[in-house]
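Read-outs: derived from the displayed coordinates by stated rules, not from any lab. Not measured: the values here are computed from a predicted model. Here the Cβ positions follow ideal geometry from the backbone for every residue, glycine too, while neighbour counts run over all protein chains shown.
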Amino acid sequence: MSMIFDLKGKTAVITGATGILCSVIAKELAKQGVNVAVLGHGGDKAKMLADEIIRDGGSAIYYNADVLNKESLIEARDYVIEKYQDIDILINGAGGNKKEATTSDELSFFDIDFKALECVFNLNVMGAVLTTQVFGELFAKSGKGCVINISSMAAYHPLTKTIAYSGAKAAVSNFTEWMAVHFNQNYSTKIRVNAVAPGFLLTNQNKYLMVQENGDPTERGKKVLDKTPMNRYGNPEEIAGPVLWLCSEAASFVNGAVIPIDGGFSSYWGV
């Protein structure tokens with residue numbers, strides 16, 4: 001492997017690491033020799049993922065932290081520094097949608113509960129902002145670092161039904177660009193902030209919108225596949241590759257970018 005892609009010995013902190021997408025990213029980083037700090041929120045999933053990485057020959061630790069609680073994040077940061085001495089990469093992977101914040105035949109826009117909307121916005125946007133405040137402070141002091149946010153196709157153009165998620169991911173993309181400029185202009189030109197915008201993967205968050213109980217695609221699922229030139233859903237591993245690239249020196253001049261990984265979805269207008 002070319003040295004510009006070499007990540008061995010670096011340390012990555014990943015929030016939302018127990019989700020489908022970020023758990024795969026964590027495993028792939030570990031395979032490249034990255035020390036992985038798995039941040040989860042309650043339960044045993046973070047420990048289970050760290051243990052799996054270690055069993056497979058990687059280096060990993062875990063910590064249960066709340067991305068909406070700054071004190072919790074500071075405690076997590078101190079723990080990672082104690083174990084690994086330094087942090088090179090931050091992946092803001094905590095996020096997701098809620099059925100209660102999504103319009104449907106059973107739930108009109110006018111009846112969506114404010115708390116459900118607030119939950120989706122806070123988790124996706126404020127979680128990324130607070131985590132970058134806490135861990136990005138280390139980058140500002142050291143003059144180096146790499147932040148990767150998780151955006152979405154919904155950030156380019158709002159998807160029907162997902163009012164909160166679409167708005168939140170648009171804010172994540174905007175924050176990515178803002179933070180890239182802010183770090184460079186105020187702290188160091190060696191700090192990079194980018195995002196990936198996954199196309200359609202089948203996850204626990206969106207499966208109910210895309211697939212019927214009998215396994216056939218819903219009308220929405222058919223529309224997604226028809227508008228995806230590659231005519232399929234993506235796999236989490238296909239998101240991990242571009243993330244590894246963004247973490248490496250191969251992307252040393254990539255900053256403030258939101259990279260679509262979507263099988264051509266964002267390039268095709270259906271005509």
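Here the Karplus curve 6.51 cos²θ - 1.76 cosθ + 1.60, taken at θ = phi - 60°, turns the phi angles of region 62-71 into couplings of 9, 7, 7, 9, 9, 5, 9, 10, 5, 4 Hz, with x standing for Gly and Pro. Note on region 160-183 and region 68-104: Cα centroid distance 16 Å, given to the nearest whole angstrom.
Rounded to the nearest 0.05, what FRET efficiency is calculated for GLU238 and PHE110 with R0 set to 41 Å and r the Cβ-Cβ distance? According to the calculation, E is roughly 0.60.
The ranking of THR131, THR228 by Cβ neighbour count inside 10 Å, starting from the fewest, reads THR228, THR131.
By counting other Cβ atoms within 10 Å of each Cβ, how are TRP269, TRP245 ranked from fewest to most? Don't skip to the end; give the middle numbers.
Working: TRP269 6, TRP245 16.
Final ranking by Cβ density, sparse to dense: TRP269, TRP245.
Across the chain, C-alpha contacts under 8 Å between residues 6 or more apart give a mean separation that, scaled by the residue count, equals a relative contact order of 18 percent.
Cα centroids of region 1-28 and region 244-271: 17 Å apart.
Using Cβ counts within 10 Å as a stand-in for footprinting exposure, how do THR103, THR15, THR132, THR189 rank, fewest first?
Numbers: THR103 15, THR15 29, THR132 22, THR189 11.
Neighbour counts put them in this order, fewest first: THR189, THR103, THR132, THR15.
Using every pair of distinct Cα positions in region 1-132, the Kirkwood expression returns a hydrodynamic radius of 15.7 angstrom. Could you give the length gained on full extension between TRP178 and ASN214, defined as 0.36 nm per residue of separation minus the Cα-Cα distance, in nm? Gain in length upon complete extension: 8.6 nm.
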